[in-house]
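The values are calculated or read from the model by the stated rules, or taken from the named source; none is laboratory data. Since this is a predicted model, take the numbers as computed values, not measurements. Here the Cβ positions follow ideal geometry from the backbone for every residue, glycine too, while neighbour counts run over all protein chains shown. Note: accessible area is taken over every heavy atom of the protein model, side chains too, but ligands, DNA and RNA are not part of it. Shrake-Rupley method; radii C 1.70, N 1.55, O 1.52, S 1.80 Å.
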Amino acid sequence: MPSLLKLSRGTLPFLMAAAVLAIFLIVFLVAPISAPGSRTLMTAEFIRQYQLESSYDQRVAFLASVIAIAILSAAAFVINQRQLLKVAGGYAVPTINIWLSLLVTVLGLALYAKLIQSWIVIGAIILAICFVMFVLFAPYIRRRTIELAALLMIGAYLAVVIIPGFIVWPIFWPVADANSIAQIELHINSLVQPGSNIAAGQNFFSDIPFGYGILMPSIMSVIEHRFGAMSAGDHAAFVQYCQVAFVVIGTIGYFCFRPRNYVGILVALLLAAPYWATTGLGIWHPNQTGFRSLTLPFGILAIALAGRLRPNTAAVCFGSVAMICLLTNIETTIAVGGGMLVYLTLRMRKIPLVPILLMAASAITTFILYLVLYRIALGRLPFATDIQTLLTTLLVHVSGDVGMRLFTSGYWREGYYLVPLAFVMFVHAAFIVIASFQKLGERALSHRQALRAAIATILIAWFAYYINFPNWWQIWTHLFLYGFLIIDLFDLRLFSVGTALRRTAIDFNLRRRLRIRVTHVLPLLLLSVAIFHTNSNLAFFTRDFLSPPWTRGNHEAGVVSQMQLPRAAADALLEKSKFLQELNAKDPGKVVYLTYNVEFVPMLTRIFQPTPARSLWGFIHTDAALDPAIAKIFESRPVSILIDAPTGPLAMPDGARKDFQDRVRKSVSRAYHLAETTAGWQIWRPTSP
């Protein structure tokens, strides 16, 4: 069939990627903010505490754009396979003089100076100047010199990311007020504490609701079973070690993706690695650390190392890796699994049916091996046969109608540069995927091309997470993934490194070298702002980890479960725990406690409660579910129900958490009455025998 049009290389996928963005924006504007007939699977107080809003329009727009990427990729494949278009030389977009790009950058930073904090703009200007100086002088520097300097800077930077977190022991608890303490305890209770719960005899899916994965709690339960009880400090340290694992695997992944492109790897690390720090805010919110997201670098590293394997052999390895990822976290595994399938498809140039079967068989084998090893190491298999809580949790993740709004300025007005960067990442990834399938119309892709497309696929799939909760805190994994794609923007060959040392002055064409593609200007501008933003956070959180605000000035600290807390909070926690232990000793198993201190109290007393008493705030998913949950507690006929006292250093002074706890008291009062208040507890006794 004759070609209908003649286009420069990359024009078709470029236009298609632009169409994907247009589809997203159109559907976003047309779709309703709230889903028709939707129900919110969270309590009113929980929504108010975290300022959640409806986000149905964002999710529908993202779904429409992903479907568009799939359809357009298939179309690009067919068009190129049947040679409906003739591909010519050149680029899809023109190049411009570097001085014009500098003018655009200056105007862009001037605009940002009016939108965001001036110190961030100043930092971005410094980075931009450094980049321009590098462009100007790169031809006069030997390649080996630049590579060595970049490699040394990578090593020094990773040391800054890893080492400070292990300087202080016992670790400082970062906050002093009751509301913030409860916020952090909730996250540690939900993700890290299950390991201790299992070691104490509880089971997944019944006593412990399904959360982000079971592999990390499995490892922790074996550690505690073999080496003794862990403390709250040990829990935080385990999260830090997960961060170190993320640093190591993620960095190796960068090096495997582009060997010897040290400058590009350094830029990728400067963008994303501040979130991997052992001193970061994520230590207190493990769902934003390697504890949950280690799947991403692990899966990508597996794909990167598959280049020398035959497709069927690679599929067997992918199946084992995918199962390990699935045990770690379901959500990220869906994205990684999609990347693996795209990789195999692009390498084989056909639907990989046999590799898919081999992946499934390998995954099942790996799961059986996990069960056998876990049974040997722990002495039992801690899984309940009733998986109702698993289904309930999955329903919460896929249903409901709450999230965060996309086009908002954010806490520090970071939405003005992170939201545009997010769309640049998404469109860039869409372009790579569509262009890869266009090439597939001619031939099977090389390992490096397929790997790049696989990473872009993972980024697109995982973008679903950001689109529902778009803020600076939720974007860190996307920055890590995008790091792979921006490494190529800093290939030393693009900067003519060392050419002036090998050519005469007449042969060296400065005008031709100092040009840049139009599509690179915006990413580089946004990167200059984002890199300074992320590294400012690194410095800020490292300082607060080593010396929290409550330690600056006159203060007294107390050590609780290998954590340094303000003296008042530490004493209150010890008093609450001691009273609970003594009361439970009188009536073993007949005391229920309902507290916001869901990490310290169980770790100090070793009294671990099943769901929902484990954390009513975290595991009551609707307003209507509270009374039935309390009724379930009544069924065990406790002789005492302890609720946090309304006064004291650990009491909620006001706000959503206090309102929720008041509702808990009202529900408990249906069958119990307040007998006394002591040691930080309200003691409720049965109203009738």
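Here the chain carries DSSP beta bridges of which approximately 60% are antiparallel, counting only pairs with both residues inside. Charged neighbours of P612, selected by a Cβ distance under 13 Å, balance to -1 (K, R count +1; D, E count -1). Here the Karplus relation 6.51 cos²θ - 1.76 cosθ + 1.60, evaluated at θ = phi - 60°, turns the backbone of the range 14-23 into coupling constants of 5, 5, 5, 5, 5, 5, 4, 4, 4, 4 Hz, with x for every Gly and Pro.
The portion of the accessible surface of the chain made up by carbon and sulfur, rounded to a whole percent, is 65 (1.4 Å probe; DNA, RNA and ligands excluded). With a 1.4 Å probe rolled over the protein heavy atoms of all chains, the accessible area of W169, W550 falls in the order W169, W550, largest first. Translational diffusion coefficient, Stokes-Einstein: compute it for the range 287-332 using the Kirkwood radius over C-alpha pairs as Rh, at 37 °C and 0.692 mPa s, and state it as an integer in µm² s⁻¹. Result for D is 300 µm²/s.
Calculate, for the range 24-156, the solvent-accessible area per residue in square angstrom, rolling a 1.4 angstrom probe over the heavy atoms of the protein chains. Display every interim value, and only then the final one.
Working: 7650 Å² over 133 residues.
Per-residue accessible area for the range 24-156 comes out at 58 Å².
Checking (i) 29.2; (ii) 30.4; (iii) 27.5 against Kirkwood radius over Cα pairs in Å calculated from these atoms, the matching label is (iii).
Dipole check for the range 624-687: with +1 at the C-beta of Lys and Arg, -1 at the C-beta of Asp and Glu, and the Cα centre as origin, the magnitude is about 160 Debye. 3J(HN,Hα) along the range 641-651, derived from phi through the Karplus expression 6.51 cos²θ - 1.76 cosθ + 1.60 where θ = phi - 60°, amounts to 10, 9, 10, 3, 5, x, 10, x, x, 10, 7 Hz, with x in place of Gly and Pro. Taking the Cα centre of each part, how many Å lie between the range 424-448 and the range 35-86? After rounding, the separation between the Cα centres reads 20 Å.
Among the lysines of the chain, pairs that are 8 or more positions apart or on different chains and have alpha carbons within less than 14 Å of each other number 6.
For D644, nonlocal amide neighbours, meaning residues 5 or more places apart or on other chains whose placed amide H falls under 5 Å from its own, are L594, Y596, Q682.
Stretching the chain fully between W119 and V104 yields a gain of 3.4 nm (0.36 nm per residue, less the alpha carbon separation). Rolling a 1.4 Å probe over the heavy atoms of the protein chains gives the range 545-671 an accessible area of 42 Å² per residue. Taking 7 Å steps out from each Cα toward its Cβ at I163 and A585 produces label points 4.7 nm apart. In a simple Cβ point-charge model (Lys, Arg +1; Asp, Glu -1; nothing else charged), the chain has a dipole of about 3000 debye relative to its Cα centre. Calculated mean residue ellipticity at 222 nm for the chain: -20000 deg cm²/dmol, from DSSP H runs with n ≥ 4 weighted as -39500 (n - 2.57), summed, divided by the residue count and rounded to 500. Electrostatic tally near I630: other residues with Cβ closer than 12 Å to its Cβ, Lys and Arg +1, Asp and Glu -1, net +3. Considering only F608, L650, Q682, and ranking their Cα positions along the charge dipole of the range 549-689 that arises from unit charges at the beta-carbon of Lys, Arg, Asp and Glu, the one farthest toward the positive end is F608.
Dipole orientation for the chain: of the candidates W284, G211, L152, L152 has the Cα lying most toward the positive pole (charges on Cβ; Lys, Arg +1; Asp, Glu -1). Dipole of the chain computed with +1 at Lys/Arg Cβ and -1 at Asp/Glu Cβ about the Cα centre; of A429, I467, Y241, farthest Cα towards the positive end is A429.
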